[in-house]
Amino acid sequence: MRTRHATLAGLLLLVLAVAVVGTACRGGDDKPAGTGGGRLAKTYDLSGASFTVGSKEFTEQLVLGHITILALEAAGADVDDEIGLEGSNVARQALQSGSIDMYWEYTGTAWITHLGEEEPIPDSQEQYEAVAARDLEQNGIRWLEPAPFTDTYALAVRAEAVEELGVRTLSDLGGLLQRDPGAATLCVGSEFSTRADGLPGLEHHYGYQFPAKNVALVQDAVVYSQVDKGEACNFGEVFTTDGRIVALDLVVLEDDKDFFPKFNPALNVRQNVFEKHSGLENLFDEIASALDEETITRLNSQVDVDGDLPEEVAERWLREEGLVS
């Protein structure tokens, strides 16, 4: 059972509905209807537990958020849905304030944005271990095991413009800015435009700067189509696991000076919540281990390219994996 910003009237109707249908809303093993019988329902028991799940607002986060909700419901928990929060800082503040109990965060984001470090750790496992230890000690946030995929920032260009612009690496952009600055146009989201591991840090690391008139601030979801059109911008900020990169035939520029941090996602849980429900660790270790780069790229593509809803994609994948039924 989940709620989202329920009104009092809605809650009363829900209580009446539960009273009327009784066990018809749950399977014989007291799991939510439609999710009983899978591996999670048979292995984990969170009956009586209540959680509030959050996420950021972009596609991958919405998919991960719905996977989390469905997994918890399959194990018998009640879940409040607060996914789709606007930006990393908002999601993080919601977790620290107790407005949500958990959400998926990326190691590089936490290290640079939330913990205030300036230099990422190149090795993914070492980066995860450093973030997990520091965040638990300083902030009481427990990092569960990370998924094996890394979804990092990158800059991309439409394939047909690569030869014309002569840019294949981030270093090549510096040459373009010198010889033809008007062609070095860039579309970015508002968060990327201010983050230390975004545009300001990239410019400092590579030793060049885009003229202000060359940078267009747009919604992250719009960047891909704008780069494909090549009108407002020739280059754009992308996430490396986004299915639109392949669908639109975009080319990711090589980060030849290793600026962008590793961004492995892991479910973040407030420590006081984790201590009450230690079974969360094994449950989400099983989920995280199945989310490799090919898988998450495919799931993202089903939303952004095929037009499926994130909750549909999440449920279908859980069923394919035998985790719910």
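Some points to look at:
- Test: residue in the range 83-102 that is surrounded by 15 or more Cβ atoms within 10 Å (Cβ to Cβ), in a strand (DSSP E or B) and in contact (Cβ under 8 Å) with a residue 60 or more places away in the chain: yes
- Scanning the range 295-325 for residues that are closer than 15 Å to Ala71 by Cβ and of a type in the set (S, T, N, Q) returns a single hit, Ser325.
- Within the range 295-314, being touching a residue at least 40 places away in the same chain (Cβ under 8 Å) and of a type in the set (Asp, Glu) holds for Asp304, Glu311.
- Candidate set from the range 66-82 (those that are among the β-branched types (Val, Ile, Thr) and assigned to a helix (DSSP H, G or I)); member that is nearest to Leu299 (Cα to Cα): Ile67
- Counted residues, the range 291-325 - those being more than 23 Å from Leu40 (Cα to Cα) and either in the same structural domain as Arg244 (by TED's automatic domain parsing) or of a type in the set (Gly, Ala, Ser) (or both): 2
- Some residue of the range 218-229 being of a type in the set (Val, Ile, Thr) and in the same structural domain as Met102 (by TED's automatic domain parsing): no
- The set of residues in the range 46-66 being crowded, with 24+ Cβ neighbours inside 10 Å and among the aliphatic types (A, V, I, L, M) consists of Val53, Val63, Leu64.
- Selected residue (only one of Val131, Val215, Val222, Val162 is crowded, with 21+ Cβ neighbours inside 10 Å and either in contact (Cβ under 8 Å) with a residue 12 or more places away in the chain or basic (Lys, Arg) (or both)): Val131
- Looking across Leu280, Leu291, Leu267, one residue alone is surrounded by 14 or more Cβ atoms within 10 Å (Cβ to Cβ), touching a residue at least 24 places away in the same chain (Cβ under 8 Å) and over 21 Å from Gln127 (Cβ atoms). It is Leu280.
- Which listed residue is small (Gly, Ala, Ser) and surrounded by fewer than 14 Cβ atoms within 10 Å (Cβ to Cβ), from Gly175, Gly189, Gly198, Gly207: Gly207
- Some residue of the range 35-42 being within 25 Å of Thr240 (Cβ to Cβ), among the basic types (Lys, Arg) and modelled with pLDDT of 50 or more: no
- Filtered residues of the range 49-65 (kept if in a loop (DSSP other than H, G, I, E, B) and either under 20 Å from Leu283 (Cα atoms) or aromatic (Phe, Trp, Tyr) (or both)): Ala49, Ser55, Phe58
- Answer from Val157, Val167, Val188 - the residue that is more than 23 Å from the chain's Cα centre (by Cα) and closer than 17 Å to Leu250 by Cα: Val167
- Matching residues, the range 226-250, being among the polar types (S, T, N, Q), in contact with a helix residue (DSSP H, G or I) (Cβ under 8 Å, 6 or more places away or on another chain) and farther than 21 Å from Lys262 by Cβ: Asn234
The values are calculated or read from the model by the stated rules, or taken from the named source; none is laboratory data. These numbers were taken from a predicted model, which means no experiment stands behind them. We place every Cβ from the backbone using ideal geometry, glycine too, and count neighbours over all the protein chains shown.
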